[in-house]
Amino acid sequence: MKLWGGRFETGPSEVFERFSGSLHFDKRLIEADIRGSQAFARALERVGILTADERQQLVEAFDALLAESREPAFYEGADDEDVHTLVIRKLKAKVAGLADKIHTGRSRNEQVSLDIRLWLRDQIDITRELLAALMQAMLKLARQYPDAVIPGYTHLRRAQAVLWPHYLLAYFEMFARDYERFTQARARVNVLPLGSGALAGSGFPFDREAIAKDLGFDSITRNSMDVSGDRDFALDFMYAASTAMMHLSRISEDWILYSSEEFRWLELGDGVTSGSSLMPQKKNPDSLELIRGKCGRVFGSFTSLFVTMKGLPMTYNRDMQEDKEPIFEAADQLAGSLEMMQVVVESATLRPEIPAAAAEDSWVVATDLAEALARNGTPFHKAHQIAGRLVLESVRAGKKPSDWTAEELVAFAPEFTAEMAKLFVPTEGMKTRVVPGGTSPKSVASALDQADVRLAQMLGK
Ligand code: ARG
């Protein structure tokens, strides 16, 4: 069965059918397709194309199809062009000639936009829940070690001491922005395209606002040509997905390092690591490596649709059928990665003494000393110079910060005071970083409290 056979003398070639068919992937849209068609049947009744009785027959037949479509048998032997064709063929088997009315004043061009929007709307809600659950796990891990000190890095060189919760909150912020991006993407997804026809607007006077309300859309699209040619809403989703994957990939990279024998800060649970078939001692962070690896697939999906859309003439072109697989791929890989990361976070334990020692044994306090000098009136460039010389001297003599006494410090440069020797302990300097967003214990405690409140909002509590 074709939805467009009349104009053709012969049917499509076997190769073309195989090449152009999309049912094997767009069947994931079936629930959206059916619910959309039920709403459309109600719209057809309102414009007088269907009687109330016909509408009811159709809606009930669609309900039955929806239930049947959950069984694999539903698709057995189906060789329809796409999911929309399949649904209409199955509808015909149920209500015969009445099925011929369901596509009145409707095009697959708007139908496919509708279906993807309905599907994405649900998927965005699932994604936001997964993000919030991950953030919750991160806050829990932060509160487990409220005072743990780690060296923060730039260039992967020890830079300044920060609190462990401060480090985790940095990722919390990234995931919170991801959450926001999905919320924004949802707003652009949640617009009703139906009523646009193939490209020029439907020839039937549909109450589009009523259809929008029926399907839970916030508003209606404003231009029928735009509807046929637009996939921005899907790209918004995929950009948000790519950015979230980028964040997941970066925390994965951190934790692969931090759980290595070189760092030894973190212990990942047995449940999220695997061994080697040859080397009995190995405990490999495969879960994190896979998250990092899947990031490439999501970026690839985003790029794929982005490039597909570039250069398409207005309005719909069949190229656009290539949208679905990347959308599903990005959504699936992101959902899987978020779920995995949450379990990794829940499995992780910190050995606080190891990063604390790493901070103490290095010169992460150098900035604290330079700033103390500047606070005492030494111009900062000079203070920087003095602290730099102190580090150089220590490196030469093989001295750690804790090897210095107050007397030696004062003797090193007259700008130093005995008081400043307390800054050799990283936690002292940290106390000065009281600005909002800084790593002082006070700032971090309040950031944690605020994070709890923000998360509760995301979780709808
Ligand atoms: N399977 C098609 C797609 O996903 C549906 C729209 C078909 N429209 C058309 N004019 N051939 O793009």
Checklist entry - Which one is modelled with the lowest pLDDT, of the residues in the range 434-461 that are assigned to a loop (DSSP other than H, G, I, E, B) and surrounded by 11 or more Cβ atoms within 10 Å (Cβ to Cβ)? => result Leu459
Checklist entry - In the range 388-405, is there at least one residue being closer than 30 Å to Arg143 by Cβ, touching a Gly at 6+ places or on another chain (Cβ under 9 Å) and open to solvent by 50 Å² or more (accessible area, probe 1.4 Å)? => result no
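To keep it simple, each residue is scored yes or no on (1) at negative phi; (2) basic (Lys, Arg); (3) in contact (Cβ under 8 Å) with a residue 24 or more places away in the chain.
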| site | (1), (2), (3) |
| --- | --- |
| Gly6 | yes, no, no |
| Pro12 | yes, no, no |
| Phe16 | yes, no, no |
| Phe19 | yes, no, no |
| Asp26 | yes, no, yes |
| Asp33 | yes, no, yes |
| Arg42 | yes, yes, yes |
| Glu54 | yes, no, yes |
Next on the checklist: What's the total number of residues in the range 204-235 that are within 14 Å of the ligand (Cβ to nearest atom), in a loop (DSSP other than H, G, I, E, B) and within 13 Å of Leu120 (Cα to Cα)?
Outcome noted: 1
Next on the checklist: Looking at Ala78, Ala64, can you tell me which residue is in contact (Cβ under 8 Å) with a residue 12 or more places away in the chain, within 16 Å of the ligand (Cβ to nearest atom) and either over 22 Å from Pro193 (Cα atoms) or crowded, with 19+ Cβ neighbours inside 10 Å (or both)?
Outcome noted: Ala78
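Each row is one residue, and each column tells you yes or no for (1) outside any loop (DSSP other than H, G, I, E, B); (2) free of Cβ contacts under 8 Å to residues at least 12 places away in the same chain.
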| position | (1), (2) |
| --- | --- |
| Leu194 | no, no |
| Ser202 | no, no |
| Phe237 | yes, no |
| Ala241 | yes, no |
| Phe263 | no, no |
| Leu278 | no, yes |
| Glu289 | yes, no |
| Gly293 | yes, yes |
| Phe302 | yes, no |
Item to check | Filtered residues of the range 73-85 (kept if in contact with a Leu (Cβ under 6 Å, 6 or more places away or on another chain) and either in a helix (DSSP H, G or I) or among the hydrophobic types (A, V, I, L, M, F, W, C) (or both)) | outcome: Ala78, Val83, Thr85
Item to check | the range 138-166: number of residues that are in a helix (DSSP H, G or I), surrounded by fewer than 22 Cβ atoms within 10 Å (Cβ to Cβ) and not basic (Lys, Arg) | outcome: 3
Next on the checklist: Just to check your reading of the model, which residue among Arg42, Arg106, Arg70, Arg35 is under 19 Å from Ile211 (Cβ atoms) and assigned to a loop (DSSP other than H, G, I, E, B)?
Outcome noted: Arg106
Checklist entry - What is the residue count in the range 85-111 for residues that are open to solvent by 10 Å² or more (accessible area, probe 1.4 Å) and within 15 Å of the ligand (Cβ to nearest atom)? => result 7
Item to check | Complete set of residues in the range 45-61 that are of a type in the set (S, T, N, Q) and either assigned to a helix (DSSP H, G or I) or buried (at least 23 other Cβ atoms within 10 Å of the Cβ) (or both) | outcome: Gln56, Gln57
Checklist entry - Taking only pairs six or more apart or across chains, which ones have beta-carbon atoms under 9 Å, a first residue in the range 318-334 that is near the ligand (Cβ under 9 Å from one of its atoms), and a second residue that is basic (Lys, Arg)? => result Met320/Arg231; Asp323/Arg231; Lys324/Arg28
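The values are calculated or read from the model by the stated rules, or taken from the named source; none is laboratory data. Here the structure is a predicted model, which means the values were calculated and not measured. Here the Cβ is made from the backbone with ideal geometry for all residues, glycine too, and neighbour counts use every protein chain on show. The accessibility values were calculated without ligands, DNA or RNA, using every heavy atom of the protein model including side chains. Shrake-Rupley method; radii C 1.70, N 1.55, O 1.52, S 1.80 Å.
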